[in-house]
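A quick write-up on the structure given underneath.
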Amino acid sequence: MSEMIQKPDSNAFFSVQDIHSYYGESYIVQGVSFEIAEREIVALLGRNGAGKTSTLRTIARAHEPFLKKGKIVLNGMPLHQLEAHQAAQIGVQLVPEDRRIIGGATVEENLILAQIAKPIGWSFEQIYEHFPRLAERRKQQATTLSGGEQQMLAVARALARDLKLLLLDEPYEGLAPIIVREIERILLEVKKLGITTIIVEQNAVAALKLADRAIILDTGLVAFDGSAQEVLDNKELREEYLAI
Amino acid sequence: MGIINRGTIHLTVFALIVLTFPFWFEYTGGYAGLDTKIIIWAIFALGFDLLLITGYLSFGHAAFFGISAYATGLMLLHYSSNIIEAMIVGVVVSTIAAVIIGFLTLRRTGIYFSVLTLAFGEMFHTAAVSIFSGLTGGENGLTGLPTPTLFGEKMQGSNVFYLCAIFLIIGFYLARRITRSPFGLMLKSLKSNQTRLEYIGINVQFYKNSAFVLSSIYAAVAGSLMVIYEPYVATEFLEWKTSGTLVIMSVMGGVGTLFGPMIGAAFMLYFENVASVFLEEQWLLALGIMFMAIVVYLPGGFVDGYKRMMRHWVKKNQA
Ligand SMILES: Nc1ncnc2c1ncn2[C@@H]1O[C@H](COP(=O)(O)OP(=O)(O)OP(=O)(O)O)[C@@H](O)[C@H]1O
Ligand SMILES: [Mg+2]
């Protein structure tokens, strides 16, 4: 399938151009390229250990993995030259897969912290209007929120910033079906806002419901890049890379 | 309530306690002059708390206290007895040192940071008593300083006390403003959430340095005032013991509470100077036992003890 990898086009809203990244000596992201149009939602899929989290972390300019080669460009800005906080300042927001909130602070304080660095996005009023559950709990310690509420807070915090590219790492992981539906509803609203998004999800069907396009990673390389419908229709593809 | 909010009340009460300190302190057995020393150490400890809230435990803050003390002393000795220039030079020189040392040590966390600050602190102490001994007076300290003056007025006795008291009140007001602002919230969050803060656009390294420098400015002001209080610079100002005393005061009083470290400073100086009259050389042993008891049974220090007592009292009165 590797012939399907497109040549990077620097005119795209967001592009990842032949990135290679390492955790110490281990070579994990081994030359990934793709591009995303503005307002597009892309599902980044693949088996466990395929390198999905590592790719998101590389884009968000986390300390690890270390980007050795390649370019990452958002809206003409060279992300590959930036550090994590600078990437966040120009609009990249990673909602990581582990505990997503800032401990020792309340719900509202998490939002205050998100707006220390400029530029900022939604006001608290807008956030609380869209997340009534958070409004009720604004004075609550964020670590005492349920898993689903923490996920909401993580998405809300991303919206509190001037958001250009949203990176969601397994937003449904470990949540009860009823909570998954609530997060889904929120993400559908985010989609209506036209925020460019990459969503990584074990639950490929759920991710493909939301996404316009799908990229499948396999051992640190792009194995497929096409429409979400194509993945849903192609049984072999699903069996080979997604086990669904 | 209008303009009379809790903050105003706290600050007013605090200012009144500080300003009336010399009047009631003598009834507690304290000698004249010890009150000023307590105020100076309170400034030192208060600033240190602004660093401690970030989770970085420095064992080298004597450096900023001592550098400022030496710079102030040298200015008084060679330039003018006027304290304005001497204090400004003391604080500026010390702050420059803090920017450099902060930059070098804050790349590490936990014990590595603490050991690095300790090493830098000792480096300054060693330098002061060896290669710079011509300038600093070596092991004897810097002696022969003139009585400091402010606008021609001699800075002695209660003049010095009120000068220090004003610095402490302003310092407390600023520290309170800082800890209650988003900036302060972020400093507190640095302790456990550095990567997460980076993901929301916060330049963690820069803010860690800010907290370090801020606390060093308080240390520098305290060091400078110490020389104005007693026109002499002791080598021990730069020594690790001074840093250690600062840490012990903060832990005994209650880290991260602003009030706590100041109370810890008052307690320790009082204990050292008053209780030692009865306990003689044993006072250090008594202090050590108390310190251990606090760490084990009251990790939040005196402030935590006070809060627990109040809670207990409220419960009893409700029953
Ligand atoms: N900190 C690390 N140090 C060394 N290797 C790592 C580290 N983190 C991840 N890896 C390795 O990198 C590879 C890709 O991991 P990554 O977390 O990106 O996969 P993933 O696609 O997100 O998987 P999952 O679906 O299980 O979340 C794995 O083989 C993993 O063991
Ligand atoms: Mg993952």
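General remarks:
- Percent of Cα pairs exceeding the 25 Å cut-off, where the set is chain A: 40
- Alpha-carbon centroids, the stretch A:62-108 and the stretch A:195-239: separation in whole Å: 22
- Across the stretch B:189-271, Cα pairs under 8 Å and at least six residues apart give a relative contact order of 13 percent.
- Length-normalised contact order of chain B in % [C-alpha pairs under 8 Å, at least 6 apart]: 31
- Span-rule helices in chain B, defined as complete DSSP H runs reaching 30 Å or more along the axis (Cα) with Kyte mean at least 0.5: B:83-105, B:158-179, B:204-229
- A:V222 long-range amide H proximity, modeled H, under 5 Å: A:S33
- Within the listed set A:A88, A:A117, A:A60, the Gaussian network model of chain A (springs between alpha-carbon atoms below 10 Å) gives the highest mean-square fluctuation for A:A117.
- Nearest 10 degrees, 0 to 90: helix A:177-192 Cα axis against chain A principal axis: 80
- Across B:K37/B:K154; A:K52/A:K164; A:K69/B:K208; A:K164/A:K191, pairs whose alpha-carbon gap is larger than 22 Å: A:K69/B:K208
- Inter-chain shielding of A:113-120 (mean C-beta neighbours from other protein chains, 10 Å cut-off): 5
- Size descriptors for the protein assembly as shown: radius of gyration and Dmax over Cα atoms are 29.1, 92 Å.
- The simple Förster model, with R0 at 22 Å and r as the Cβ-Cβ distance, assigns B:Q156 and B:T20 a FRET efficiency of 0.65.
- Scanning residues 5 or more positions from A:K69 or on other chains, those with amide H under 5 Å from its amide H are A:H20, with H placed 1.01 Å from N in the peptide plane.
- Counting Cβ atoms of other protein chains within 10 Å of each Cβ in B:179-186 and taking the mean gives 3.
- Given chain B, longest segment not containing exposed loop chymotrypsin sites (Phe, Trp or Tyr not before Pro) (DSSP; at most 13 other Cβ within 10 Å): B:152-319
- Folded to 0 to 90 degrees: helix A:147-159 orientation relative to chain A principal axis, Cα: 80
- Annotation: for a label point projected 7 angstrom from Cα along Cα→Cβ of B:V295, residues of the stretch B:115-155 with backbone N closer than 20 Å are B:115-119.
- Relative contact order (%) - chain A, alpha-carbon pairs under 8 angstrom, separation at least six: 27
Any read-out appearing in this document is the output of simple, stated calculations on the displayed coordinates, not a laboratory observation. None of these values were measured; they are calculated from a predicted model. Here Cβ is always computed from backbone atoms with ideal geometry, including for glycine, and neighbour counts include all displayed protein chains.
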